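Engineer: Can you read through this structure? Questions will come right after.
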Amino acid sequence: TTTVNVVVSDDEGNTVACSFDVVVTDDEDPLINCNAPVVVNTDPGECGAIVNFDVGGNFIYSVTRNDGSIRQISSVDYSILNTTPVSLAGYTVQGINGMSVDPQTGMFYIIAKVSGESNRRLATVNPLTGIATDIGSTGYRMAGITFAPDGTLYGVAGDGDPSCSECLFTIDKVN
């Protein structure tokens, strides 16, 4: 719980104040990906063995404009560990043209190609569950997105956009 104190004043010097509490509830359980059991034989002539394995978190995410899924890829052997379909309420996701992580917040953003719309939609997504939250239409057929270190989101139009082929935009992450 955080108490917010607000004071407002006008040009005549009149002021009024109030305060209110902000309570953040976390109803979402944490997620964990557990490895399969690792079974190895001892090294010849030894009482043990050196074992290299993916400890979880050592993976890369990948998307494609050809389907609406996020792939979790091992950074150890580059095998696909998991494929998760993306769900965006009110839309059918046909492809994901780009995905990037905000370096300031760790939030994943996607450019989704949805049925019934020629322009792409910007959304945030949980890469483990595939649940996406719509931010809105980009107004263009965005081909990809990336973040600057300061958290500025950039998008490149393309993907057959008749009004702007290969145009670079700054994208509002909120609207």
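Engineer: Between residue 170 and residue 79, what length in nm is gained on full extension when 0.36 nm per residue of separation is reduced by their alpha carbon distance? Could the numbers behind the result be given before it?
Structural biologist: Numbers: separation 91, 0.36 × 91 = 32.76 nm, distance 3.38 nm.
Answer, rounded to one decimal: 29.4 nm.
Engineer: Farthest toward the dipole's positive end in the chain, which of 19, 74, 124, given Cβ charges of +1 (Lys, Arg) and -1 (Asp, Glu) about the Cα centre?
Structural biologist: 74
Engineer: Can you list the residues, at least 5 places off or on another chain, whose amide H is less than 5 Å from the amide H of residue 96, using H built in the peptide plane?
Structural biologist: Sorted by chain and number, the residues that satisfy this are 64, 65, 66, 67, 69, 113.
Engineer: Compute the distribution of all C-alpha to C-alpha distances in segment 77-151, in bins of 10 Å from 0, and list the percent of pairs in each, rounded to whole numbers.
Structural biologist: Over segment 77-151, the share of Cα pairs per 10 Å bin runs 19, 50, 27, 4 percent.
Engineer: Scan around residue 81 for amide H atoms under 5 Å from its own, H built in the peptide plane at 1.01 Å from N, and keep only partners 5 or more places away or cross-chain.
Structural biologist: Result for residue 81 returns 72, 73, 74.
Engineer: Go through 132-138, 61-67 and give me the packing order, highest mean Cβ count within 10 Å leading. Provide the component values of the computation, followed by the final result.
Structural biologist: Details: 132-138: 16.7, 61-67: 15.1.
For the peptides 132-138, 61-67, the packing ranking is 132-138, 61-67.
Engineer: Over the chain, what is the percentage of antiparallel beta bridges among all DSSP beta bridges, to the nearest 5?
Structural biologist: Working: 45 of 47 bridges.
Counting DSSP beta bridges with both partners in the chain, the antiparallel share is about 95 percent.
Engineer: Let me ask something else. Beta carbons within 10 angstrom, averaged per residue: use that to sort the peptides 79-85, 115-121, highest first.
Structural biologist: Ranking, from highest mean packing down: 115-121, 79-85.
Engineer: Which value, in Å to one decimal place, does the Kirkwood hydrodynamic radius take for the chain when every pair of different Cα atoms is included? Mind dumping the intermediate values first?
Structural biologist: Details: mean 1/r = 0.0510 Å⁻¹.
Evaluated over the chain, this radius sits at 19.6 Å.
Rule-based calculations on the coordinates, nothing more; no lab input. Note that the structure is predicted; figures quoted are calculated from it, not measured. Neighbour counts run over all protein chains shown; Cβ positions are idealised from the backbone, glycine included.
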